[in-house]
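Inspection log for the structure reproduced underneath, given as C-alpha cells.
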Amino acid sequence: MGQPLRFGIIRNNILSWDETITQWQRFEAAGFDSAWNCDHFMRPSDPGGPHMDSWMILAGVAAQTSRIRIGVLVSCNTFRHPALLAKQAVTVDHISNGRLELGIGAGWFRLEHDAYGIPFPVAGELVDRFEEAVEIIDSLMRNDMTTYKGTYFQINDAPFRPGPVQRPRPPFTLGAHGPRMLRLVAKHADRWNSYGSLEEIRQRNEAINRNCIEIGRDPNEIIRSLYGWPKIIGADPWESEDTFRRVIATYREVGMNEFILEPPVAGQWETMERICETVIPELRAESAV
C-alpha cells in the first residue's frame, strides 16, 4: 500500500508576529496537511534581511493552531547539540498536542556559519555528525534514559522526561540529496524531503528504494516529499489551477507523494484557496483509486 497524497506549505520567518499567525492560521483553514518554516540565521536569498528563529516561531504557531501538522524544514544540525534539538522538539510536540513533524538536515549554507562564527565541517564530517545526531535524537525520544558514545557527541545516562506525545516518537523528516545521506534516509526517515530536477529526484528515489531493500525495509514506509521551489521546478504552482495540476503530475511520475510549496505572493491567495477547495480534493480522490 503506497502513501497517500499530501500537501504542505513552507513559510520563511521574515514576517511580523501578527502576520505570521494570520498566515499559518490561513494555511490551516485552507486544508493543508502540514505547514513548515525554515531554519536559518540569515535568509539565503536575502542575507541582509530579517529572519527570526525557527523553533521559537514553531512553538508560537503550535499554540495558535489546532489541526495542521507543523515542522521545521529542516532543522540545521550544525546549529544545536542534538540533545537540545530533542528537548525543543519534544516541547513543541506537547504544545501542539502531538502535531510535530521533526525535520533534520546536515546543514549547507556556509555564509551564515562564517558570519556567526559557527564551525562548518568538511563534507564527510558533516554527514558523520548528522548520523550521530539522528541516532541520539531517536534514542532520546524512544527511551527514558540514553547513553551514547560517538566520535562527536556523547550522552551519559541522560534522562528524557517527559517523553513525546507521539509514540514511539514524532516522525522524522530527513532532508537529503547525496548518496550517504540517502542511505541514512532508508535507515531512519519516516519522510524524505528534497528538491531538484525531475531526473535528480527520480535517481534519488531509486537510490532510497535500493537502500531500503538492502536493509530489509519496505520502501513504501517512507513519504517522498518535494520542496517545490519555483526556480527549481520551473513553474509557480499558484499561477493557475492548470499549472498546479501539471507540477503535481510531473513530480508524481518520478515517485513523489507529498508536495511542500512556497506560499502564494500578492494576488495569488484566492487562487491558492480555490485550488485547496477544488483541485486538491480531486487529486486526492484520483490517487486513492
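Bear in mind these aren't lab numbers, they're just calculated from the coordinates by the rules spelled out. As the structure is a computational prediction, the values presented were derived from the model and not from experiment. Cβ: placed from backbone, ideal geometry, glycine included. Neighbour counts: every protein chain shown.
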Inset, instruction - Please find, within the range 192-219, the residue that is surrounded by the fewest Cβ atoms within 10 Å (Cβ to Cβ) out of those that are touching a Ser or Thr at 6+ places or on another chain (Cβ under 9 Å) and hydrophobic (A, V, I, L, M, F, W, C). - result: Leu198
Legend entry - Residue match in the range 21-30 (condition: hydrophobic (A, V, I, L, M, F, W, C), crowded, with 16+ Cβ neighbours inside 10 Å and assigned to a loop (DSSP other than H, G, I, E, B)): no
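Residues checked against (1) surrounded by fewer than 17 Cβ atoms within 10 Å (Cβ to Cβ); (2) hydroxyl-bearing (Ser, Thr, Tyr); (3) farther than 22 Å from Thr78 by Cβ; (4) in contact (Cβ under 8 Å) with a residue 24 or more places away in the chain:
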| residue | (1), (2), (3), (4) |
| --- | --- |
| Arg167 | yes, no, yes, no |
| Ala176 | no, no, no, yes |
| Arg180 | yes, no, no, yes |
| Asp190 | yes, no, yes, yes |
Inset, instruction - Answer yes if at least one residue in the range 269-277 is under 24 Å from Glu19 (Cβ atoms), surrounded by 17 or more Cβ atoms within 10 Å (Cβ to Cβ), touching a residue at least 40 places away in the same chain (Cβ under 8 Å) and not aromatic (Phe, Trp, Tyr), and no otherwise. - result: yes
Legend entry - Ala62, sole failed condition from (1) within 14 Å of the chain's Cα centre (by Cα); (2) of a type in the set (A, V, I, L, M); (3) closer than 23 Å to Arg6 by Cα: (1)
Legend entry - Where a residue in the range 71-90 is touching a residue at least 40 places away in the same chain (Cβ under 8 Å) and its partner, wherever it lies, is part of a helix (DSSP H, G or I) and buried (at least 24 other Cβ atoms within 10 Å of the Cβ), with Cβ under 6 Å and at least six apart: Asn77/Phe130; Asn77/Ala133; Pro82/Ala133; Pro82/Ile137; Ala86/Ile137; Ala86/Leu140
Inset, instruction - Looking only at the range 165-179, decide whether some residue is over 23 Å from Ile10 (Cα atoms) and in contact with a His (Cβ under 8 Å, 6 or more places away or on another chain). - result: yes
Legend entry - The one condition in (1) under 19 Å from the mean Cα position of the chain (by Cα); (2) over 17 Å from Val92 (Cβ atoms); (3) in a helix (DSSP H, G or I) that His40 fails to fulfil: (3)
Inset, instruction - Any chance you could count how many residues in the range 8-35 are in contact (Cβ under 8 Å) with a residue 12 or more places away in the chain, hydrophobic (A, V, I, L, M, F, W, C) and closer than 18 Å to Thr278 by Cβ? - result: 4
Inset, instruction - Report yes if Ser287 is in contact with a Leu (Cβ under 8 Å, 6 or more places away or on another chain) and either closer than 28 Å to Gly98 by Cα or surrounded by 21 or more Cβ atoms within 10 Å (Cβ to Cβ) (or both), otherwise no. - result: yes
Legend entry - Hits in the range 41-90 (condition: surrounded by fewer than 19 Cβ atoms within 10 Å (Cβ to Cβ) and charged (D, E, K, R)): Arg43, Asp46, Asp53, Arg67, Arg80, Lys87
Inset, instruction - Determine whether the range 200-212 contains at least one residue that is touching a Leu at 6+ places or on another chain (Cβ under 6 Å), in contact (Cβ under 8 Å) with a residue 12 or more places away in the chain and either part of a strand (DSSP E or B) or under 19 Å from Glu101 (Cβ atoms) (or both). - result: yes
Inset, instruction - Say whether the condition of being part of a loop (DSSP other than H, G, I, E, B) and touching a strand residue (DSSP E or B) at 6+ places or on another chain (Cβ under 8 Å) is met by at least one residue in the range 219-238. - result: yes
